[in-house]
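The values are calculated or read from the model by the stated rules, or taken from the named source; none is laboratory data. Since the structure is predicted, the reported quantities are computational estimates derived from the model, not experimental observations. As a convention, Cβ positions derive from the backbone with ideal geometry for all residues, glycine included, and neighbour counts pool all protein chains shown.
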């Protein structure tokens, strides 16, 4: 029993150390060998452009729900004119970065793990190494760079679409004054709010690439190993995003 | 050229290499044969630093490759090409891109020069018109030949073949063996082949090492190995069920 517990502890500590080393080495490689522009652009297309549809859809409905809920709450205080502010601040400071990151985790993070995991079990990563080429340059750093660029942009799109979703419900369906919706928003949202949202989404991009690549790079044997790595990647990335979001919010508030 | 001394390697409680000594001569084809699960692929991966021994030494051209920095190891790996057991072609690239990849990444050759070399390499392996295809559109034998072209095209000093004919029909097997002999004669590289193909491998190799229970049981010319009196080697060559080699 004690031996088993010790064994598990050693395994967990080794995994944590390896995971930390993976992030440090990836960061070092971003500056040392960032990979070709073509590889980075391909990854931006995959992580960013191809996530647009799901981001727009999620953002529209999130904004619409915020419009409905916000209106319901604010009318109790006779402050429905503040609906624009409520929707915009909720999206820009919190929901935009977090929901965009969770959507990208589900769509692209899992695919990153599966792609690298399959390359691991079919010895394609070993093949790169035997050619005296660093697999990080081809497989990891382009994904890091792409995620760090794509996530803030997707977050910005999420915010804008969400705000218009709230406008659609609040102004067009529930009759909130359109001038008040945007005027109050403009008065309340400051640069610090936007900045904190971008800092969050940038760091979430790092987390998605980090865990996605790490889990794939050290995937276990066979199809089951890749499947397990993919599941772990999505769950772990989502949890880290939510925990990290709390810490960042407490710092950036 | 490649020397292994007293190499030990275990995975958990399973001992795979147990004080193995082997010298692989330059410019020759050396085959490593032995029963399945005896660690032949593990041994091959030690030669190129994909695996590190628990103890012992591995030297390539007199230089140790143990615990080197990545950049140092890569400098030594420049000398190698490798054909993997499962070929390990990059499945998101076409055949042409696979073969061109090491040249594009490691040389400063012009696109035209690369095209010329890749076309010649694909012609050598009899796959002149398959450059546009993806690996999953190819048969097992064709994949092996693409893998061979990719391993040969940078003109390495040493090429490692991990079971290059496993799972292929007898005609394709013979064709692959002939291709290895022909390319070896043309380029003069040092070849190390891990193989189960008895007796065909004796026609290909100039030296044969028999791996059994983590050690090199015998090393010699194909004729010497075929005439060996060791019961395990006799059993392995004859394919008999009776003898010191037991199925796991």
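General remarks:
- Test: residue in segment A:60-79 that is under 27 Å from residue A:32 (Cβ atoms), away from chain B (no Cβ under 14 Å) and modelled with pLDDT of 95 or more: no
- Taking the listed residues A:107, A:120, the one that is at negative phi, touching a helix residue (DSSP H, G or I) at 6+ places or on another chain (Cβ under 6 Å) and at pLDDT below 95 is A:107, with no other qualifying.
- Residue list for segment B:66-82, restricted to those being more than 7 Å from chain A (Cβ to nearest Cβ), touching a helix residue (DSSP H, G or I) at 6+ places or on another chain (Cβ under 8 Å) and in contact (Cβ under 8 Å) with a residue 60 or more places away in the chain: B:81
- Residues satisfying the stated conditions in segment A:74-85, i.e. free of Cβ contacts under 8 Å to residues at least 24 places away in the same chain and either within 25 Å of the chain's Cα centre (by Cα) or assigned to a helix (DSSP H, G or I) (or both): A:74, A:75, A:76
- Exclusive hit being modelled with pLDDT of 90 or more, outside any loop (DSSP other than H, G, I, E, B), loosely packed, with under 12 Cβ neighbours inside 10 Å and away from chain A (no Cβ under 12 Å), set B:112, B:136: B:112
- Enumerated helices (runs of 4 or more DSSP H) restricted to segment A:92-197, each holding at least 1 residues that are within 14 Å of chain B (Cβ to nearest Cβ) and closer than 30 Å to residue B:85 by Cβ: A:110-121, A:124-130, A:141-167
- Counting only strands (runs of 3 or more DSSP E) wholly contained in segment B:1-100, the ones carrying 1 or more residues that are under 22 Å from residue B:202 (Cα atoms) occupy B:2-11, B:14-24, B:29-33, B:80-83.
- Selection status of residue B:212, within 30 Å of residue B:231 (Cβ to Cβ), more than 16 Å from the chain's Cα centre (by Cα) and touching a residue at least 40 places away in the same chain (Cβ under 8 Å): yes
- Residues of segment B:83-104 include at least one that is surrounded by 14 or more Cβ atoms within 10 Å (Cβ to Cβ), at the interface with chain A (Cβ under 9 Å from one of its Cβ atoms) and either under 22 Å from residue B:25 (Cβ atoms) or in contact with a strand residue (DSSP E or B) (Cβ under 7 Å, 6 or more places away or on another chain) (or both).
Every residue, every condition in (1) in contact (Cβ under 8 Å) with a residue 24 or more places away in the chain; (2) part of a helix (DSSP H, G or I); (3) surrounded by fewer than 10 Cβ atoms within 10 Å (Cβ to Cβ); (4) on the phi < 0 side of the Ramachandran plot, yes or no:
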site: A:10; (1), (2), (3), (4): no, yes, no, yes
site: A:13; (1), (2), (3), (4): no, yes, no, yes
site: A:23; (1), (2), (3), (4): yes, yes, no, yes
site: A:30; (1), (2), (3), (4): yes, yes, no, yes
site: A:34; (1), (2), (3), (4): yes, no, no, yes
site: A:40; (1), (2), (3), (4): yes, yes, no, yes
site: A:43; (1), (2), (3), (4): yes, yes, no, yes
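- Being under 16 Å from the mean Cα position of the chain (by Cα), loosely packed, with under 13 Cβ neighbours inside 10 Å, on the phi < 0 side of the Ramachandran plot and touching a residue at least 24 places away in the same chain (Cβ under 8 Å) is a description that does not apply to residue B:31.
- Residue in segment B:145-157 that is away from chain A (no Cβ under 14 Å) and under 22 Å from the mean Cα position of the chain (by Cα) present: yes
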